[in-house]
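Asks: Sharing a structure with you now.
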Amino acid sequence: MEYMSPSSDLDFLFDCTSWLVIGEDVNTATWTLETGLTAGTQTDTITGSTLQITAPAVAGKAYSVNVEVATNGANTFSRTWFIKVQEQIA
């Protein structure tokens, strides 16, 4: 589980380096965010994908995030995790 403050922006990286074989590159990355989270800029490279995510203004809920990556070697990698929005603890 990842944590974000309400209304904050964070970049999340899905790094596929350890799963790629020699000569294999990431072709596409598809991010799916649960309603409430907002997707910003997505940057894809040959080894993974980064997405800027903005949290909602209200704390207290966990939201699911899924990313699926397809490679030029016909492999797909998919991961789901959760982001909990909560007030920062001092």
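Where a number appears in this text, it was derived from the coordinates with a stated rule and is not lab data. Because the structure is predicted, anything quoted here is derived from the model rather than measured. Cβ coordinates were reconstructed from backbone atoms using ideal geometry, including for glycine residues, and neighbour counts include every protein chain displayed.
Asks: Compute the longest continuous run of the chain that contains no exposed GluC sites (Glu not before Pro); treat a site as exposed when its DSSP state is not H, G, I, E or B and it has at most 15 other Cβ atoms within 10 Å.
Replies: Numbers: sites that count: Glu34, Glu87.
Longest site-free region, per DSSP loop and neighbour criteria: 35-86.
Asks: How much length is gained if the chain between Arg79 and Ala57 is pulled fully straight, taking 0.36 nm per residue apart and subtracting their Cα-Cα distance, in nm to one decimal?
Replies: 5.4 nm
Asks: Counting pairs of alpha carbon atoms under 8 Å apart in space and at least six apart in sequence, what relative contact order in percent does the chain give?
Replies: Computed over the chain, the figure is 39 percent.
Asks: Also, I was wondering about something else. Counting every Cα pair in the stretch 2-85, what percent are over 23 Å apart?
Replies: Roughly 25 percent, rounded to a whole number.
Asks: Just to confirm a number: summing +1 for Lys and Arg and -1 for Asp and Glu over residues other than Leu13 whose beta-carbon lies under 13 angstrom from that of Leu13, what do you get?
Replies: Combined, the nearby Lys, Arg, Asp and Glu give -3.
Asks: Please compute the net charge surrounding Ile46, taking Lys and Arg as +1 and Asp and Glu as -1 over other residues with Cβ under 10 Å from its Cβ.
Replies: With Lys, Arg at +1 and Asp, Glu at -1, the net is -3.
Asks: A follow-up question, please. Which length gain, in nm to one decimal place, applies between Ser18 and Gln88 when the Cα-Cα distance is subtracted from 0.36 nm times their residue separation? Please list the in-between numbers first.
Replies: Working: separation 70, 0.36 × 70 = 25.20 nm, distance 3.26 nm.
Full-extension gain reported as 21.9 nm.
Asks: Highest mean first, how do 70-78, 12-20 rank when packing is the count of other Cβ atoms within 10 Å averaged over residues?
Replies: In decreasing order of mean packing, 70-78, 12-20 become 12-20, 70-78.
Asks: Treat each spin label as a single point 7 Å out from the Cα along the C-beta direction, and report the Asp25 to Thr41 distance in nm.
Replies: With each label point 7 Å from Cα toward Cβ, the separation is 2.2 nm.
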